[in-house]
Amino acid sequence: MSIYQRDVESLNRFCLEQDGRWGNINPENVARMRAQNRFRTGLDIARYTASIMRRDMQAYDRDPSRYTQSLGCWHGFVGQQKMIAVKKHHGTTQGRYLYLSGWMIAAMRSEFGPLPDQSMHEKTSVPALIEELYTFLRQADARELTPLFRELDSARKAGNEVMERGILDKIDNFETHVVPIIADIDAGFGNEEATYLLAKKMIEAGACCIQLENQVSDAKQCGHQDGKVTVPHEDFVAKINAVRHAFLELGVEEGVIVARTDSLGAGLTQKLPVSKEPGDLAHQYNSFLCTVPICSADDVNEGDTIIKLDGDLRKPLRLANGLYRFRSDTGEDRVVLDCINALQNGADLLWIETEKPHIGQIAGMVDRIRQVVPNAKLVYNNSPSFNWTLNFRQQVFDDWEREGQTEGQTEGRSLSGIERSQLMSVTYDDSELAREADRRIQAFQRDAAREAGVFHHLITLPTYHTAALSTDELAEGYFGEAGMLAYVAGVQRREIRRGLASVKHQDMAGSHLGDDHKEYFSGAAALKAGGGLNTMNQFG
């Protein structure tokens, strides 16, 4: 007997025990509603998806070709359509997640309107979006199970037991659209208590994985902009502890913490940690500062800070705003120290924010980290803030130049006539250099997983850009000579040809689900929307 059938029988027995008062309840209808909503709470989702991430992390440790991927989203419908598309084109959601971007929430979801990525948006919008995403993903489950139930009814009506068993097997083995979400908590929106409280709300909404960065919360900047200010290690560890306590309190023991370091591009700190002995963590942090030696009291101005460093008195250079500056050549060393300390103090995965997508650069840092923590793994931001075309064309140009690939030496790999400063020019689009750059872009995620320890690849803001691009194309044609044809040929006809469920937008919004429920509740008296006059029937 199938799982579905066992649930029907159990419900049937329970209804019969109600002395006839539940005679209007069809146990099979209830079993169908249960199958369509297998997750009762956000904590159910968090526990389920955390176990998925843990299994995926173990699989990657055994075989780096089994890396995972996600795309960022700013609305439940966007996340839903991504996972529907994944199942449609790839047959399974395995290894595919969603990413919840703080940048996208700030730019798209704040009541203040568009904001920069500086943690100025409402912190409550973060768990609200997690809940919204999972609401849409659960609705996708319900919607895709509906035709299976109708096929089951048809098979039974026809007396086709073979078909009935096949459909029951599909119902029992239906793969949910509910997948892990890596959720951005920025720098915690305050102190460690604020971080804990927000983390709880995010986990209760369904988050199994929280990404936390080592910037100062009230001075937070986008990872790809200037002016970033990092915190000493003990401050960051306190927030990692806060998130872990939230996971454990709520019974999500397998919850995942991503520790993000912005130190590669962050040249400032707000606070000097207290060093208790030479070589301790605070001493190492302070050793990266820009300092000058103090030889006498004349070297000290009113209000200056003095520290003893490696036996010498030194004055850290302080800006007019009170911030201290790191030496410019210390970024990678600080990243390595950040990552090792985070992993040794409760983090599960690392995020190194870089200024360009360069496998050699990432691998160089990861190799150093793995000398101390051998199974260190990264979540990597395949950011739209990078000019991917320019970066990879420059990498190819530089590689060829180093290898001595000049005109006449190697067929098709000439740099003759190619100006490095003009590599974005359309005139180079058909060159072998451009084709080689595109080959490297195509292989970037696979190569970074193998060579640089990247377990998870994500694009933070893809649908921000796809929405802008598609809207630009539609507006150009619709308000121009193409008129309605711009929508019909550019949108609707393409939806039909690609088999997108969204072309039946009434069904996607739940009209057929609603009809089923009305029939469950009202029987033959149900007033349903899916009759012969429903124009969605035009789409077959």
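Descriptive notes on the structure:
- The value of relative contact order for the chain, using C-alpha pairs under 8 Å at least six residues apart, is 14 percent.
- For the range 416-540: rounded, prolate or oblate by the Cα gyration tensor [a/c cutoff 1.5]: oblate
- Residue pairs, from the table Lys239/Lys356; Lys220/Lys315; Lys123/Lys201, whose Cα atoms sit over 19 Å apart: Lys239/Lys356; Lys220/Lys315
- Working value for the range 305-393: equivalent-ellipsoid semi-axes of 29, 20, 12 Å, each the square root of 5 times a Cα gyration tensor eigenvalue, largest first.
- Here's the picture: charge each Lys and Arg Cβ at +1 and each Asp and Glu Cβ at -1 in the chain, and of Ile369, Gly531, Tyr285 the one pushed furthest to the positive end of that dipole is Gly531.
- Taking Met484, Met202, Met108 and counting other C-beta atoms within 10 Å, the order from fewest to most: Met484, Met108, Met202
- Loop-located chymotrypsin sites (Phe, Trp or Tyr not before Pro) in the range 472-540 (DSSP state not H, G, I, E or B) with no more than 13 neighbouring Cβ atoms inside 10 Å: Phe479.
- Scaled radius of gyration (Cα, divided by 2.2 N^0.38 Å) that the range 475-516 gives: 1.48
- Sorting the segments 460-473, 93-106, 374-387 by their mean number of nearby beta carbons within 10 angstrom, highest to lowest, gives 93-106, 374-387, 460-473.
- Assigned charges on the beta-carbon of Lys, Arg, Asp, Glu; the range 190-291 dipole about Cα centre (debye): 180 debye
- Positive-end ranking of Gly79, Gln58, Gln69 along the dipole of the range 58-106, with charges on Cβ about the Cα centre, is headed by Gly79.
- Whether the chain is rounded, prolate or oblate, judged on the alpha carbon gyration tensor where a/c under 1.5 counts as rounded: prolate
- The trypsin sites (Lys or Arg not before Pro) found in the range 251-353 that occupy coil by DSSP, while having at most 11 further C-beta atoms within 10 Å, are Lys276.
- Mean Kyte hydropathy of 1.6 or more with a Cα span along the axis of at least 18 Å, helices from DSSP in the chain: none
- Qualifying chymotrypsin sites (Phe, Trp or Tyr not before Pro) in the range 20-84, where qualification requires a DSSP coil assignment and no more than 15 other C-beta atoms within 10 Å, comprise Trp22.
- When each of His121, His358 is scored by the number of other beta-carbon atoms lying within 10 Å, the sequence from fewest to most is His358, His121.
- Greater than 20 Å apart at Cα, pairs in Lys82/Lys170; Lys276/Lys308; Lys88/Lys170; Lys228/Lys308: Lys82/Lys170; Lys228/Lys308
- Value at 222 nm in deg cm²/dmol, rounded to 500, when DSSP H runs of n ≥ 4 in the chain each add -39,500 (n - 2.57): -15000 deg cm²/dmol
Bear in mind that the values in this text are calculations on the coordinates, not laboratory data. Owing to the predicted nature of the structure, the values given are computational and were not obtained by experimental measurement. Here the Cβ is made from the backbone with ideal geometry for all residues, glycine too, and neighbour counts use every protein chain on show.
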